[in-house]
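One structure below.
Quick note: the coordinates plus some simple rules give every number you see, no bench work behind them. Keep in mind that this is a model prediction, so the values were computed, not measured. Because the Cβ atoms are built from the backbone with ideal geometry, glycine has one as well, and the counts that use them run over all protein chains shown.
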């Protein structure tokens with residue numbers, strides 16, 4: 001059970017630190033706050049560009065990108081809240097705890113699903129350019145986002161049914177330190193969560209590989225490395241890189257298993273590197289790289305400095 005729990009998220013692999021580790025904890029929290037502030041700054045710039053530029057709001061690619069950033073922000077807020085609550089032993093009612101954990105895990109699953117849809121949008125744009133305007137509209141992108149969230153939330157419904165059938169009503173009246181292992185009461189829950197996670201990443205990985213191959217086959221027909229197909233191929237590779245970053249949570253269990261006896265502060269290091277860092281990088285991987293967003297970000301940043 002510990003295996004799949006660790007694979008699913010790092011937020012619960014934390015304990016109360018002794019005095020000798022308090023400085024490490026404080027330094028880690030300081031780094032976390034600084035990184036989160038930079039993340040929010042770039043997120044604010046990107047959102048300002050998105051909501052004040054009509055043609056960007058009507059572009060399916062940017063709709064999906066902004067949704068991913070908002071989802072990453074939600075995930076970071078939830079995961080940091082749960083991490084600090086576990087770190088400082090804050091007790092919450094079980095219903096509230098289950099809601100927060102379910103929302104957090106759903107948000108975690110939504111990120112790779114969103115990457116898959118973004119890769120498919122690039123695939124349609126390059127392989128079926130004449131149908132792109134018809135298939136990839138803002139309305140359809142909003143429908144795709146709703147479907148993504150529905151699919152991401154379904155495992156939580158199955159998990160709640162399995163949990164409710166195994167525990168009495170007294171369990172939901174308890175106050176607990178909110179953590180995912182504390183809500184795993186049956187082997188069925190553990191199995192469902194492991195299978196859902198593995199299948200999700202495997203399916204998304206296959207979609208990204210397939211779309212990249214098809215796009216690059218189109219790109220080979222063009223001699224110029226500056227063609228839209230080559231650029232789309234690079235974008236899909238960025239999706240694959242982002243998926244790989246999301247999958248780094250798999251390595252945290254192995255690191256905790258073999259190194260935890262040598263490094264007491266390992267849980268918080270794992271939390272920073274494998275849970276927070278991949279989401280902190282999203283605005284830089286996509287927003288700063290994109291020519292349209294980069295132009296507007298520089299403009300907004302220059303205006304902010306001038307007003308300051």
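The ranking of 83, 160 from fewest to most other beta carbons within 10 Å of each one's beta carbon is 160, 83. Once Rg and the Kirkwood radius are both taken over the C-alpha atoms of segment 13-112, their ratio Rg/Rh works out to 1.08.
Rounded if a/c is under 1.5, else prolate if a/b is larger than b/c, else oblate: which is segment 70-143, with a ≥ b ≥ c the root eigenvalues of its Cα gyration tensor?
Values: a/c = 4.80, a/b = 3.43, b/c = 1.40.
Verdict is prolate for segment 70-143.
Can you figure out the FRET efficiency of residue 241 with residue 54, using R₀ = 41 Å and their beta-carbon distance, to the nearest 0.05?
Numbers: r = 30 Å, r/R0 = 0.74.
The value I calculate is 0.85.
Each of 55, 142, 239 was scored by other Cβ atoms within 10 Å of its Cβ. Listed from fewest to most, they are 55, 142, 239.
Where does each of 276-286, 86-96 land if you order them by average Cβ count within 10 Å, highest first?
Working: 276-286: 19.5, 86-96: 14.5.
Ranked by mean Cβ neighbours within 10 Å, highest first: 276-286, 86-96.
Neighbour counts of C-beta atoms inside 10 Å place 113, 210 in the sequence 210, 113, starting with the fewest.
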